[in-house]
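Quick note: the coordinates plus some simple rules give every number you see, no bench work behind them. Since the model is a prediction, treat every value here as computed from it, not as a measurement. Note that each Cβ is placed from the backbone with ideal geometry, even for glycine, and that neighbours are counted across all protein chains shown.
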Amino acid sequence: MDDRQIVELYFNRDEKAIEETSAKYGKACFHIANNILNDWQDSEECVNDTYMTVWKTIPPTKPECLFAYVSKIVRNLSLKKLEYKTAKKRSQFAAVPFEELDEVLPDHRINPQYDTEEIGKIISSFLRSEKEEVRNVFIRRYFYFDSIKGISKRYSFSESKVKNMLYHTRKRLKKKLKKEGVEI
């Protein structure tokens, strides 16, 4: 079943929509959640919460790309779950991708004047200007939280090539943000 048909099921309030979403995107949702949480049960819970959130938000929302919509929801729910679980203790596993971006993105505690949406637009524009393989590696690491090893296997690159690509992409992104007036 294609995305348009699944969205129509949601609009018709047909519970088969959840089954179809699960069949088509369940594995990918679990992969995203588990990359963030590194816990099977919590990941399953986030995936199930994702289906409920999609059910509650379609309608009125009519996503153009159902996978992007669903993956964004599972990612955000997983990050909230991770924040809750690590409120008292820091998880080294989850902190790594964010630590890599510390030198590139402004700290809102220090510079609260920067609009996250505007920074997101700059980053999106920057990524669109990058080669496809560079953009894919960046997104796999910082949106889907894939490990360096996982990315290297996915694209048949060495781990050092992936690290190198990420390092140089972060440097170019930092330069772009500075050019746009965003102070780090």
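So here's what we get for this one:
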| quantity | calculated |
| --- | --- |
| Point-charge dipole on Cβ atoms (K/R +1, D/E -1) for the chain, about Cα centre, debye to 20 | 800 |
| Gain on full stretching of the segment that runs from Phe11 to Thr61 - 0.36 nm per residue minus C-alpha separation | 17.1 nm |
| Gain upon complete extension [Met52, Lys179; 0.36 nm per residue less C-alpha separation] | 41.6 nm |
| Charge dipole of the chain about the Cα centre (unit charges at C-beta), most positive-ward option of Asn164, Tyr51, Val7 | Asn164 |
| Normalised contact order of the chain, rounded percent, pairs of Cα under 8 Å and 6 or more residues apart | 21 |
| Neighbourhood net charge (15 Å Cβ-Cβ; Lys/Arg +1, Asp/Glu -1) for Met1 | -4 |
| Neighbour-count order for Ser71, Ser160, fewest beta carbons within 10 angstrom listed first | Ser160, Ser71 |
| Evaluated at q = 0.19 Å⁻¹: base-10 log I(q)/I(0), Debye formula over Cα of the range 3-85 | -0.73 |
| Residue order, fewest to most beta carbons within 10 Å, for Arg170, Arg154 | Arg154, Arg170 |
| For the chain, Kirkwood radius (reciprocal of mean inverse C-alpha pair distance, Å) | 18.0 |
| Footprinting exposure proxy for Glu19, Glu133 (fewest neighbouring C-beta atoms within 10 Å first) | Glu133, Glu19 |
| Cα-based shape type of the range 95-179, given that a ≥ b ≥ c are square roots of the gyration tensor eigenvalues and the cut on a/c is 1.5 | prolate |
| Above-threshold pairs, the threshold being 20 Å between Cα atoms, out of Lys24/Lys85; Lys121/Lys163; Lys131/Lys171 | Lys24/Lys85; Lys121/Lys163 |
